[in-house]
1. Having 2 or more residues that are within 15 Å of L147 (Cα to Cα) is the bar; report the helices (runs of 4 or more DSSP H) wholly within the stretch 1-85 that clear it.
2. Within the stretch 181-240, restricting attention to residues that are among the polar types (S, T, N, Q) and assigned to a helix (DSSP H, G or I), which residue is surrounded by the most Cβ atoms within 10 Å (Cβ to Cβ)?
3. Would you please name the residue that is farthest from V184 (Cα to Cα), looking only at residues in the stretch 241-254 that are surrounded by fewer than 20 Cβ atoms within 10 Å (Cβ to Cβ) and of a type in the set (S, T, Y)?
4. I need a count of the residues in the stretch 19-55 that are within 23 Å of E143 (Cα to Cα) and of a type outside the set (G, A, S).
5. Kindly list the number of the only condition in (1) over 18 Å from the mean Cα position of the chain (by Cα); (2) surrounded by 15 or more Cβ atoms within 10 Å (Cβ to Cβ); (3) of a type in the set (D, E) that fails for D164.
6. Given A58, A38, A15, A27, which one is in contact with an Asp or Glu (Cβ under 8 Å, 6 or more places away or on another chain), small (G, A, S) and assigned by TED's automatic domain parsing to the domain that holds R75?
7. Could you list, ordered by first residue, the pairs with Cβ atoms under 7 Å in which the first is in the stretch 244-268 and in a strand (DSSP E or B) and the second is among the small types (G, A, S), at least 6 apart or interchain?
8. Given the residues R72, R60, R18, which is the only one that is of a type in the set (K, R), surrounded by 13 or more Cβ atoms within 10 Å (Cβ to Cβ) and in contact with a helix residue (DSSP H, G or I) (Cβ under 6 Å, 6 or more places away or on another chain)?
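The values are calculated or read from the model by the stated rules, or taken from the named source; none is laboratory data. Only a predicted model underlies this, so the values are computations on that prediction, with no experimental measurement involved. Every residue, glycine as well, gets a Cβ built from its backbone with ideal geometry; the counts of neighbours run over all protein chains shown.
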Amino acid sequence: MTTPAQCEHWLRVVANLRVDRKNGNIAPHKPLLLLVLAELAEQGNLREPLLWLTGDLAFRFLAFWTIVAERRSQRPEITLPFYHLHGDGCWEPLDEDGKPTLERRRAIAAKLDEGFLACLNDQRFRESMRRVLIAKYFRDGGERAALYSLVGLPVPPDEIVKADTRLFAVARERGREARFRLTVVPAYNYTCALTGYRLTTMRSGSIVDAAHIHQFSDSRNNHPQNGIALCKNAHWLFDQGLWSLTDDYEVIVAVGRFDEAGPDAFLLRRSPGRQIDLPANRSYWPDRSHLAWHRKHKFQGG
């Protein structure tokens, strides 16, 4: 017996799978295997929590894979999602002795979370899960239409597909944005990379922001290397494209694009050619591809 809270939890999980999104191409392995599990449950073949990695399971996975074969050049490998879905909490991979394993190649079975198993055997949950998986992880048009047909669902209206795509996304983005700030600002020791100014208080925290280099609304990228710690003024000036950075992290200024006055220490026109203050840990230094995007799409200096 399932509860609404239990099913909502697992819908949240499948809506936020940890999938590779390299170059905007979402890896379909996990979503496809979950669609296979929904089919097994619908056929009454998923009553027990132990799921074996069998030829039948691989056959079903490969049949679903034909939907995405045109955009995935590599050979489909079921052992990847079979093992890595443990990272989403769906199950625990087991070795030949029935013991939990951290080695992908030794995983021959999986012990499903009992709550997840109960939800999979709930018809309403299966339909919701299928809709979310298809909307969020597969391409508009051919892929989605083929999968809706394959799982026996009518193609929903566009507004329903969009709603399924956005399901639980807002909360996830808030969490990622918070993590972005928690990573970037301390990496720069709470100090503005442009001005060197640092101020923290017990009430308000830090005057420094975690600024996106490649605009988030375009990139959806909250990786620390797409961030730079800047005080409020420097952040605004950066977003306006009045200054940017070379690949050597030297400041370039959009000379002639603004008028300013004030103490020399605060003047933007005094900054060209100076290298910004970078984190001690090089793994947090801005990625040059993001700097190139900012120079091309935001910087007003030409």
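1. Qualifying helices (runs of 4 or more DSSP H): 29-42, 55-65.
2. The extreme case among them is N226.
3. The selected residue is T246.
4. Number of matching residues: 20.
5. Here D164 clears every test but (1).
6. None of the others qualify; the one that does is A27.
7. From the stretch 244-268, the pairs are E250/G273; V251/S271; V251/G273; I252/S244; I252/G301; V253/S271; V253/G301.
8. R60
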